[in-house]
1. Pulled fully out, how much extra length does the chain show between HIS49 and ARG171, if you take 0.36 nm times their separation in residues and subtract their Cα-Cα distance?
2. Give the range of the longest stretch in the chain that excludes all chymotrypsin sites (Phe, Trp or Tyr not before Pro) found in loop regions by DSSP and having at most 14 other beta-carbon atoms within 10 Å.
3. Once amide H atoms are placed 1.01 Å from N in the peptide plane, what residues at a sequence separation of 5 or more from LYS63, or on another chain, have their amide H within under 5 Å of its amide H?
4. Suppose the chain between TYR450 and HIS126 were pulled fully straight at 0.36 nm per residue; how much longer would it get relative to their current alpha carbon spacing?
5. Identify all lysines with a Cα-Cα distance to LYS33 below 19 Å; exclude those on the same chain that are fewer than 8 residues away in sequence.
6. Cross-link partners among lysines for LYS262, C-alpha distance below 24 Å, same-chain residues fewer than 8 apart left out?
7. Just to be sure I understand the rule: take each whole DSSP H helix in the chain, project its Cα atoms onto its long axis, keep it if the span is 15 Å or more and its mean Kyte-Doolittle hydropathy is at least 0.0. Which ones pass?
8. Quick one: which residues, 5+ away or cross-chain, put their amide H under 5 Å from the amide H of SER54? H built at 1.01 Å from N.
Amino acid sequence: MTNLNRTILSVIALTFASASAHAQAIMVDTTPKPGTIAIVGGKLLTVSHGTIESGVLIIENGKITAVGTAAAVKVPKGATIVDAKGMTVYPGLFDAETNLGLTEVAADQVNNDLVETSDEIFPQMHVYDAFHAETEHIPIDRFNGITTAIVAPRGSDTMPGQDTLIQLAGRDHDQMILTRDISLAMNFGEGQKRGGMGPGAAGGARFPSTRMGEISQLHQALIDAQEYIKARAVTANKPSDSEPAGDSGRGRSAPSAKFDLKNEALIPYLKGEKPVVIGVEEGHDVEAIMALAQEFHLKVILSRVTHSQDVLDKIASYHVPVIIGPIYELPEAGERYDAVYSLPAELAKRGVKIALASYSNEFIRNLPYAAGYAVAYGLPYDEALKSITLNPAEMFGVADKFGSLDTGKVANVVIANGDPLDVRTDVKQVYIDGIAIPMVTRQTRLRDQYMPKK
């Protein structure tokens with residue numbers, strides 16, 4: 001056996017030996033440090049206000065404090081200079097929905113915390129309770145410029161829980177979690193019927209097995225929460241036992257609202273304070289679930305809509321943003337070969353604000369390439385870049401912090417040697433909270449350890 005073959009077998013053995021272990025990636029403390037960083041000479045893709053050739057970007061205390069041309073921005077004395085000549089500088093990329101940190105090795109069920117299977121309606125479930133900050137997948141995704149993500153449970157339940165906003169670096173779990181419950185996950189369609197033949201089918205009468213059952217179950221959950229809100233309001237105004245009731249209360253007993261986690265979790269969504277992300281793929285399902293959402297005045301972000309080309313005008317009439325993906329999916333019978341590929345372009349053409357998402361743990365690193373693919377099928381380049389930066393930040397109400405190179409925003413910045421949507425581009429440096437992140441992954445460590453030395 002040659003030395004090269006022994007090296008290959010060693011790498012394979014090490015890979016499989018560690019696959020079942022709980023991965024522990026190296027954590028990076030992103031607490032802002034004193035000092036100033038000046039990234040100079042690069043091509044700045046600001047996203048919000050065009051492209052600046054040979055620009056200057058200043059970072060202080062974890063924030064962007066200046067961005068502009070070399071003539072307009074003065075580099076502070078004593079700043080650490082980062083020469084980005086010949087490079088492209090752009091904001092950290094934002095994945096609008098992923099399972100990152102909820103699974104490590106898909107084949108090993110011990111590592112999977114993707115969805116709670118004991119109930120279809122579980123709004124009180126919090127993704128942050130299961131988020132594994134030390135996952136080895138995070139450094140890989142940072143390596144390709146992703147710095148922010150919405151972590152959501154798998155879409156195999158009709159209401160599987162609340163999503164969490166994370167940044168892809170931090171000294172620990174708490175520093176990486178930015179917003180614990182940023183949105184509510186809801187799903188509708190063929191794939192969510194665990195009582196029937198959909199993914200995760202469990203059988204029995206406990207779970208719905210038809211679309212009618214799903215809608216009925218969701219409807220009842222929202223009505224129950226509304227009644228809970230009313231009862232809680234009455235309880236709050238009810239005089240205590242030690243206080244005499246006024247004439248208006250004589251002879252009547254007000255209902256009391258026993259504290260209920262499920263109903264409590266739905267309150268901010270019924271009040272329209274937070275968005276509900278509704279995963280749905282086919283056109284007729286979009287119309288059915290949107291009728292329910294409008295009945296309860298939910299603040300909606302539609303998600304997936306992969307095979308809804310027949311109702312794109314209807315989707316535009318809802319005036320809600322849409323998360324799309326994956327766009328590599330094959331067309332269904334009767335659809336054009338490019339129906340899914342061109343979906344981002346068709347929605348953008350109708351004035352719909354779109355974001356792209358990986359919907360996965362394994363392929364989040366390919367997010368910029370999905371945007372590039374959408375460009376190839378008609379999506380304007382600027383809109384494609386927005387779909388993985390500023391647009392998702394706006395959808396989830398954090399555009400004051402993320403999504404563009406603007407003064408006052410968090411310094412999540414990427415330096416690469418080319419177009420961010422081009423598969424040939426290599427990311428050279430990522431900053432999160434203004435901290436230069438080590439460009440090291442499990443793969444680079446294995447490469448450096450086992451690559452034959454010249």
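The values are calculated or read from the model by the stated rules, or taken from the named source; none is laboratory data. All figures in this text were calculated on a predicted structure; none of them were measured in a lab. Here the Cβ is made from the backbone with ideal geometry for all residues, glycine too, and neighbour counts use every protein chain on show. Quick note on the areas: whole protein, heavy atoms, side chains included, nothing else; ligands and nucleic acids left out. Shrake-Rupley method; radii C 1.70, N 1.55, O 1.52, S 1.80 Å.
1. On the way: separation 122, 0.36 × 122 = 43.92 nm, distance 3.28 nm.
That pair, HIS49 and ARG171, stretches by 40.6 nm at full extension.
2. Values: sites that count: PHE259, TYR328, TYR337.
Within the chain, the longest run free of exposed chymotrypsin sites (Phe, Trp or Tyr not before Pro) spans 1-258.
3. Residues meeting the criterion, in which the H sits 1.01 Å from N, are ALA411.
4. Working: separation 324, 0.36 × 324 = 116.64 nm, distance 4.04 nm.
Gain on stretching TYR450 to HIS126: 112.6 nm.
5. LYS63, LYS77, LYS401, LYS409
6. Of all the lysines, those that pass the test against LYS262 - Cα under 24 Å, at least 8 places apart if same chain - are LYS193, LYS230, LYS238, LYS271, LYS274, LYS299.
7. Numbers: long enough: 3-19 (24 Å, 1.08); 211-237 (40 Å, -0.28); 283-295 (18 Å, 0.17).
Span-like helices in the chain: 3-19, 283-295.
8. Those qualifying (amide H under 5 Å, at least 5 residues apart or on another chain) are LYS43, LEU44.
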